[in-house]
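First the structure, in the form of structure tokens, and then the observations on it.
Read-outs: derived from the displayed coordinates by stated rules, not from any lab. The structure presented is a predicted model; accordingly, all values stated were derived computationally and were not measured. Virtual Cβ from ideal backbone geometry, glycine too; neighbours counted across all protein chains shown.
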């Protein structure tokens with residue numbers, strides 16, 4: 001009974017946060033590029049992760065389907081980092097909400113795959129995401145042409161810097177998994 | 001073998017979505033996508049009635065000479081004025097050799113709600129009296145939706161950002177031939193004045 005109340009409270013919190021980020025705070029997030037790309041997008045992904053933690057029974061066991069889901073997650077991350085997509089999310093709030101739902105689902109399905117996926121993919125996936133985030137960050141940092149008309153060149157460069165930092169953090173995360181799993185394998189031997 | 005099918009199928013679908021969304025991985029911004037979607041050049045420049053700073057109504061197609069067309073709005077905080085300052089330099093560099101006998105410049109405001117003839121006249125006066133063959137214009141007797149369609153057909157992205165004061169827009173310069181065909185499109189963010197002038201000259205020389 002206690003667990004059920006706890007889960008319900010967590011579900012309600014996720015729902016409220018999703019609503020607040022997507023509606024009352026949407027204008028604030030959409031005001032600058034760093035807020036939109038470095039705060040709002042990861043916030044929705046994190047809410048998806050929290051949702052997956054709540055629904056522990058939803059798991060994808062088959063490796064082939066796990067990889068397929070991770071490809072979809074990767075594609076959605078690429079899609080919402082494209083300048084055209086970013087501009088359209090600012091012009092059309094409904095399109096921004098499509099991004100929110102997609103990111104929520106991406107976070108959710110990443111965890112449902114993560115629980116059962118093999119070690120090699122656990123390394124490859126964050127490595128690929130880190131490489132993509134780093135490449136995007138470097139591009140935004142070095143481009144002297146405004147890519148998203150909704151924002152300024154300064155904001156574009158600032159976002160680039162934050163993405164480079166996030167990329168490095170993801171690499172560290174990947175290395176942590178690698179050495180932890182290698183240590184575990186050695187112990188088992 | 002069966003196991004590889006789901007990831008392969010999903011990968012194919014995902015690549016197809018990204019392919020479609022970026023016009024075959026060639027247009028990643030709203031500006032380049034709108035331009036690509038309007039069609040390859042040379043293509044007909046869409047027709048719209050325009051009214052200049054002296055209240056004369058005209059059509060680009062009736063000019064019967066080369067016309068360098070760009071689109072701005074007067075409340076633009078930065079980029080439109082920067083592009084027009086570049087156009088001023090281009091105008092001075094090739095005038096009176098080509099301008100106005102073979103080439104005219106037309107700057108069109110797409111902010112139908114805010115800009116008017118008095119404003120564009122005052123704005124033009126800021127560039128001094130020695131800008132020959134350079135008209136500033138507004139759409140004439142055209143609704144906003146009709147003009148938006150015209151802009152999309154030309155390949156220009158212009159949408160008001162939430163809040164209304166800022167309009168996100170493309171800054172391309174269109175070189176329209178005497179046959180009313182867009183023969184060159186310049187991106188002032190990527191090309192310097194010398195390169196634009198050289199290309200205009202070579203087009204006019206044929």
* Asked: Helix B:79-94 versus the longest principal axis of chain B: what angle, 0 to 90°, nearest 10, using Cα atoms?
  -> 60
* Structure fact -> Taking N as the number of residues in region B:53-118, the ratio of its alpha carbon radius of gyration to 2.2 N^0.38 Å works out to 1.19
* Give me the distance between the Cα centres of region A:1-26 and region B:61-121, rounded to whole Å. => 53
* To do: Please list the radius of gyration and Dmax for chain A, considering alpha-carbon atoms only, with Å as the unit.
  => 17.8, 58
* Tilt relative to chain A, helix A:93-114 - C-alpha long axis, 0 to 90 degrees, to 10 -> 20
* Sort all Cα-Cα distances of region A:116-189 into consecutive 5 angstrom bins from zero, then give the percent of pairs in each bin up to the one containing the longest distance. => 4, 17, 19, 16, 12, 10, 8, 6, 4, 2, 1, 0
* Structure fact -> Candidates B:56, B:170, B:129; GNM for chain B (alpha-carbon contacts under 10 Å) flags as most fluctuating B:129
* In region A:6-102, how does Rg compare with the Kirkwood Rh, expressed as the Rg/Rh ratio over alpha carbon atoms? -> 1.01
* Alpha carbon Rg of region B:1-71, scaled by the compact-globule rule 2.2 N^0.38 Å -> 1.93
* Per DSSP H run of at least 4 residues, take -39500 (n - 2.57); add these up for the protein assembly as shown, divide by its residues and hand me the 222 nm value, nearest 500 deg cm²/dmol. => -18500 deg cm²/dmol
* Rank the residues A:65, B:19 as a footprinting-exposure proxy: fewest other Cβ atoms within 10 Å of their Cβ go first. => B:19, A:65
* Asked: What ranking of B:147, B:25, A:45 emerges when the number of other C-beta atoms within 10 Å of each C-beta is taken as an exposure proxy, fewest first?
  -> B:25, B:147, A:45
* Structure fact -> Taking every C-alpha to C-alpha distance in chain B and binning by 5 Å from 0, the per-bin percentages run 1, 7, 14, 18, 19, 15, 9, 5, 3, 3, 2, 2, 1, 1, 0, 0
* Quick one: if the Förster radius is 35 Å, what FRET efficiency do residue A:185 and residue A:57 give, using the C-beta to C-beta distance and rounding to 0.05? -> 0.80
* If you stretched the chain out fully between residue B:47 and residue B:148, how much longer would it get, using 0.36 nm times the residue separation minus the C-alpha to C-alpha distance? -> 35.1 nm
* For A:94, B:134, B:21, order by how many other beta-carbon atoms lie within 10 Å, fewest first -> A:94, B:21, B:134
* Structure fact -> Nearest 10, in degrees from 0 to 90: the angle of helix B:193-205 to the longest Cα principal axis of chain B is 80
* Asked: How big is the Rg/Rh ratio for region B:80-155, C-alpha atoms only, Rh by Kirkwood, two decimals?
  -> 1.00
* Could you check the simple spin-label distance between residue A:12 and residue A:153, using points 7 Å along Cα→Cβ, in nm with one decimal? => 5.1
* Structure fact -> From the Cα centre of region A:35-114 to that of region B:153-187, the distance in Å is 34
* Structure fact -> Here the convex hull volume per residue of region A:84-162, taken over Cα atoms and given in Å³, is 90
* Asked: Which of B:53, B:102, B:141 moves the most in a Gaussian network model of chain B with Cα springs under 10 Å?
  -> B:141
* Angstrom value of the Kirkwood radius, inverse mean 1/r, which spans all Cα pairs in region B:92-206 -> 15.9
* Under the definition of Cα pairs under 8 Å and six or more residues apart, what whole-number percent is the relative contact order of region A:2-188? -> 25
* Return a whole-number percent for the relative contact order of chain B, with Cα pairs under 8 Å and 6 or more residues apart as the contact set. => 29
* To do: Determine one quarter of the surface area of the Cα convex hull of the protein assembly as shown, which equals its mean projected area, and express it in nm² to one decimal.
  => 24.8
